[in-house]
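Presented below is the structure to which this report refers.
The values are calculated or read from the model by the stated rules, or taken from the named source; none is laboratory data. Predicted model, so just to flag it, every value in this text is computed and none were measured. In this analysis, Cβ positions are derived from the backbone assuming ideal geometry, glycine residues included, and neighbour counts consider all displayed protein chains.
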Amino acid sequence: MSETLLASAAAGTDTPVPAAPGARPFWRRLRAQRAALVAAVVVALLVLVALGAPLLTTLEGQDPTTYHPSLVDSARGGVPVGPLGGISGDHWLGLEPQTGRDLFARLVYGARVSLGVALAATVVQTSLGVLMGAAAALGSRWVDQVLSRLTDIIVALPLMIMSLALLAIVPSSFPRPLLVTLVIGLIGWGNLAKIVRAQTLTLKGLDHVSAARLSGWGTWHIARRELLPGLAAPVLTYAALLVPMNISAEAALSFLGVGVKPPTPSWGQMLTAANVWYQAAPQYLLLPAGALFVTVLALTVLGDGVRTALDPRAGSRLRVGTGRKEGSA
């Protein structure tokens, strides 16, 4: 019963989650939410910046790894020379203290790492969550018990502590962005598996699923044709909310020194190096912190908009820019 309520809560309603609406009604409801549209534009711009990082840095004439020791004041501990942290026509956002690396180049390449790790980890979590949840609901009683207990263990694991432990023991030669992606993805699928299992158990009792079973269809054929469309709404909703959570997790791991390693730029790694420069070079702290804040906020608002568009009976949690009263369709 509690898992059924969990599945319903994922879609913001106390009744069983309906099947995913058609594409056209979904886009119409999403476009009606101004806050979600603004968030979608912001996310699209961030993705374009991440994908176009090589082009943007080429236009600036810089790269994220080249040192410029002549542009920092060694007598003052490595503070960038010039106003506003060394901002100039050659360095659009200034320079990194001590090393003199270009901040704009490191910021846009850091977007690649932060967004790439978060999206890839979300794909891993979603794939495992759907697979394990559906297998538990459709399998035998013994399979359900084993997979449910495994899911409970995964949910109980503290993500940050387990990530710290795993990242600390893996050889440094292993690519860190890939390792962080796998660690976050393999530890964070439990809640989605519970949602999928509860919703699948609800859908199994519907008339069209029973009719398909009586027609002689196999279990996985029924799952693909009859159950997956009904799982689309809660899965997409939860996946949309996982992305900002994963960005925060990657930034936290890099900030603690066990995530992405230099010279590969990452927003969390930049925050780690900036914690002693917030007075002498405040832009070195404010730029990655602002990028993280805007990205997480935009993805959260967009995820809430997707949830509301998929289930129009549920009012927006954030109540920002929707222009609708609670409970309106």
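The table for this structure:
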{"read-out": "Filtered residues of segment 195-216 (kept if hydroxyl-bearing (Ser, Thr, Tyr) and either at pLDDT below 80 or farther than 25 Å from Val124 by Cα (or both))", "value": "Ser210, Ser215"}
{"read-out": "Sole residue being without any contact (Cβ under 8 Å) to a residue 40 or more places away in the chain, under 14 Å from Gln283 (Cβ atoms) and exposed (fewer than 15 other Cβ atoms within 10 Å of the Cβ), chosen from Pro54, Pro69, Pro83", "value": "Pro83"}
{"read-out": "Candidate set from segment 149-196 (those that are over 22 Å from Met132 (Cα atoms) and touching a residue at least 40 places away in the same chain (Cβ under 8 Å)); member that is surrounded by the most Cβ atoms within 10 Å (Cβ to Cβ)", "value": "Arg176"}
{"read-out": "Test result for Thr65, under 30 Å from the mean Cα position of the chain (by Cα), modelled with pLDDT under 90 and closer than 18 Å to Pro263 by Cβ", "value": "yes"}
{"read-out": "Selection count where residues are assigned to a helix (DSSP H, G or I), closer than 24 Å to Val117 by Cα and touching a strand residue (DSSP E or B) at 6+ places or on another chain (Cβ under 8 Å), scope segment 41-69", "value": "1"}
{"read-out": "Residue under evaluation Ser266, criteria (1) in contact (Cβ under 8 Å) with a residue 60 or more places away in the chain; (2) closer than 18 Å to Pro64 by Cα; (3) surrounded by fewer than 20 Cβ atoms within 10 Å (Cβ to Cβ), criterion not met", "value": "(3)"}
{"read-out": "Lone qualifier among Ala211, Ala233, Ala240 - being buried (at least 20 other Cβ atoms within 10 Å of the Cβ), farther than 26 Å from Ser172 by Cβ and aliphatic (A, V, I, L, M)", "value": "Ala233"}
